[in-house]
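This report concerns only the one structure given below.
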Amino acid sequence: MTVFSPAGCKANPVSCRLWVEPQMPILSMNGDFVIGGIFAIHYYMRGLVCSTVFPNSMEFRQLRFARALEFIIHEINNSTDLLPGITLGYQIYDSCSAVPMSVKVAFQFANGLDPVFNDTDSCLKPAAAAVPAFVGETSSTPSIAMASTLGLFGIPEVNIISRLHHICLSDKRQFPTFFRTVPSDQHQAAAMARMVKYYGWTWIGAVRSDTDYGNYGMAAFLKAAQEEGICVEYSEAYYRTQPRSKLERVANVIRRSTARVIVTFLASGDTKFLLEELARQPLPPLQWIGSEAWITQTEFLQFNICAGAIGFGIPKSVIPGLREFLLDLSPAQAMKSPLLTEFWESAFSCSLKGRTGLRKCDGGEDIQALQNPYTDTSQLRVTNLVYKATYAIAHAIHAIYEQFKSVNFTTKNGYQVNFDSKGDPAALYELINWQFKEDGALDFVSVGYYDSSKPRGQEFKMSSAISWVGGQTEVQYNTPLSVCSESCPPGTRKAVQKGRPVCCYDCIPCAEGEISNKTDSLNCVRCPPEFWPNARRDSCFPKPLEFLSWDETLGIILTVFSITGAFMAICVIAVFYKHRASPIVRANNSELSFLLLFSLTLCFLCSLTFIGRPSEWSCMLRHTAFGITFVLCISCVLGKTIVVLMAFRATLPGSNVMKWFGPPQQRLSVLAFTLIQVIICLLWLKISPPFPFKNLKLYKQKIILECDLGSSIGFWAVLGYIGFEAFLCFVLAFLARKLPDNFNEAKFITFSMLIFCAVWITFIPAYVSSPGKFTVAVEIFAILASSFGLIICIFAPKCFIIVFRPEQNTKKHIMGKVPSKSLNAQKTNTIQVCAGVATKQDPPTARGQTT
């Protein structure tokens, strides 16, 4: 776009400049007529520049289209019957499949590449178009933008694959200079609807790209399908730059649908993302009906889920000599072009110019054996459209050129007169140098010529030495230096000095998170969110990922403690099972004890789910497993506490309270308490479950992989219910703390609950304030500490007596000896109730209600 300022031009003719630096073509060649070309070779932008910092960002198929245009131009130039004596050139650009870049290139097609307009008339009216016509674009939305812009300048666009229906690009009142080599998608949409009807499919799903191509194409199909009596279960849209959650939602809709036929109007890039997501999980057999944008793409043949897909494709063809042209490329030739250098390095995963992160190319790379979309010429479909479009432009130029007579003659004094394509003569100047003569006087000396018709870099022809200021003669690298400020290296930007001309500037280091990768950058560019500048701030590299991994020291220590705790619980189970008939085991409600030990084992093991790279399933499992196992554990402890209180109350005369809290009631209470937590977890997972999340805000230079809670209410409800049960258990155990000393189950529970509550009360502030992976470590520590507290306080004293003091593991010792017969009788009856002994005559192995 040009800044037109007539008043400024009158005062200073050189003040008319382009707003931005021109975008240089990726491939170019001079000629009498320069044909433009624009293709989406990359899919990422940084500012108004195509970015190549992302891995595998080059579209090899689009590169084949661009190089095919090169081949066709050379073929036309070598022709004797088309444009004889005329040489075609080309300027090929990368649009990044983005509207801003396409519009920028469109203005360059109209204005040319020169950023400065030195002629006053250039400011008052736009110059002649730089290209008579151009080939492209391969996406519909950028095509609309370019056609709208260049239609005002009368520059034809011969498009190779924009497929919008007739009310858009077919409208010549809105797009008078737009032409294309494929029919409107109105025809394809109607044909797809008729095919669906022909095969008797009346219940279908529909997926489209969320672009002009997908939306217009699908709208035409749905209208035709409605006329054919076809019903649509769902109609979903997706674009590759949308959040991953949108892609997952579309994939889940497809998986859950009952329709077994899916009609797609998808661009190839969107198709790739969708098929990769669908391939992650099992998918019911689907009949795919594809539009020609992806149905003939060989790269999608790897997806078996699309077996049997049908669709309409552009007729394939053969272009003699194209494959040889594409493969006629060596490392030395590739290094002459940044585009071909990037292609070589991407195709062979090696570096031609010593780029870090890649091995050095050793010359053994064989492009003949390369298998990728660039070298695949077996089914030339869209490439043939490039062929047709370029020849259409050449024939149009040929028809127009025959109506003109060339003006080219020589005057009597030997000067040649001719005109360029704009009607201007070639600029030829004599280079004059003021030099001192022998007598000390100054004189004009011709030291060379300037010819604008020569190729770039060869315009000057020197005939003698130049005498510089101070009397120095021209020597290589000895020309006078005249700069206000030295060039700013990469990693810095120019900052104009206040009150001084723009050539006077300071070099300011790029701000944190920004880079500049060229000399004399006017601005620094911020790295993408998942990237960070290197030390020199001249390139971006991916931020390191941080999470609590299995192989780091902290992860190993927590894993060892977790496994150790689970092993301890299993050992206690083994000891209790071996001595299950002993009084101390029977007196402590063996059924609840075994269930408590089992739940403690799960508590220790559930901490392992918090270690490792977060995933969708691990995030949901870690919190729900933790919540349910801990509630099961506390419910068992609560049951044991209630039994102790009930047992001693049952010793009162006339009390029959134990019949209301026998073994069935104990099991039901544990089940009921646990079921409440299960319901809370299910509601949490249904409404807003935890999910893996990349935290980019906590640290600037690294990414924290963590599990987002989804619903904070769900998390604190799970934690709060555990705390409520633990507090209730602590209160009941505290009330039973003064029971007879030898029967000290209530004291053990009190100590264990005291430790449990202390751990989880201190957990809350530590959890909230811990950064990154230490948040997970704090949660694991709380789980392990509370679990160890329970198993040590409740079971360690009993195991000690069973293993090391077997003489104390008797009914007599448990009942104890006291002076008062009444107290002894009360303790005897209590033990009998707790151990399930109905009468003194019952056999020792009788099993009943235990605590």
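Each of PHE691 and SER57 was given a label point 7 Å from its Cα along the Cα-to-Cβ line. The distance between the two points is 2.7 nm.
As a rough footprinting exposure proxy, the listed residues SER521, SER516 were ranked by other beta carbons within 10 Å of their own, and the order from fewest upward is SER521, SER516.
Ranked for footprinting exposure by Cβ neighbours inside 10 Å, fewest first, LYS454, LYS494, LYS700 give LYS700, LYS454, LYS494. Close amide H pairs (under 5 Å, H built 1.01 Å from N) link GLY89 with GLY31, ASP32, PHE33, VAL34, ILE35, residues at least 5 positions away or on another chain. Cβ crowding within 10 Å ranks GLU21, GLU552, GLU514 as GLU21, GLU552, GLU514, fewest other Cβ atoms first.
Listed values for region 531-548 are Karplus-derived 3J(HN,Hα) couplings in whole Hz (6.51 cos²θ - 1.76 cosθ + 1.60, θ = phi - 60°), namely 10, 8, x, 7, 5, 7, 6, 10, 7, 9, 10, x, 5, x, 8, 10, 7, 6, and x replaces Gly and Pro.
Here the extension length gained between GLN497 and HIS398 equals 30.2 nm, from 0.36 nm per residue of separation less the Cα-Cα distance. Spherically averaged projected area of the convex hull of Cα atoms, region 185-311: 6.8 nm². Would you please state the base-10 log of I(q)/I(0) at q = 0.13, 0.15, 0.18, 0.32 1/Å for region 492-542, with intensities from the Debye formula using one equal scatterer on every alpha carbon? Each listed q corresponds, in turn, to -0.32, -0.41, -0.54, -1.17. Among 775-783, 637-645, 687-695, 360-368, sorting by the average number of other beta carbon atoms lying within 10 angstrom of each residue, highest first, gives 637-645, 775-783, 687-695, 360-368. Of the cross-linked pairs LYS104/LYS336; LYS246/LYS702; LYS272/LYS388; LYS246/LYS543; LYS686/LYS747, those separated by over 31 Å at the C-alpha level are LYS686/LYS747.
Simple spin-label estimate for ARG613 and ILE557 gives 2.6 nm between the two label positions (7 Å along the Cα-to-Cβ direction from each Cα). Per-peptide packing, taken as the mean over residues of other Cβ atoms within 10 Å, places 328-341, 712-725 in the sequence 712-725, 328-341 from highest down.
With a simple spin-label model that places each label point 7 Å from the Cα along the Cα-to-Cβ direction, the separation between GLU233 and MET462 comes to 7.7 nm. Estimate the FRET efficiency between ILE305 and PHE715 by the formula 1/(1 + (r/R0)^6), using the beta-carbon distance for r and 41 Å for R0, to the nearest 0.05. According to the calculation, E is roughly 0.70. In region 185-311, Cα pairs under 8 Å separated by at least six residues give a relative contact order of 26 percent. Highest mean first, the peptides 85-94, 31-40, 676-685 sorted by other C-beta atoms within 10 Å per residue fall in the order 31-40, 85-94, 676-685.
For PHE567 and TYR199 in the same chain, what is the full-extension length gain: residue separation times 0.36 nm, less their Cα-Cα distance, in nm?
Gain on extension, PHE567 to TYR199, equals 126.2 nm.
Treating r as the C-beta distance of LYS454 and THR80 and R0 as 35 Å, the FRET efficiency rounds to 0.85.
Each reported figure results from applying straightforward, stated rules to the coordinates on display, with no laboratory input. These numbers were taken from a predicted model, which means no experiment stands behind them. Cβ sites come from the backbone with ideal geometry, for glycine too, and all protein chains shown count toward neighbours.
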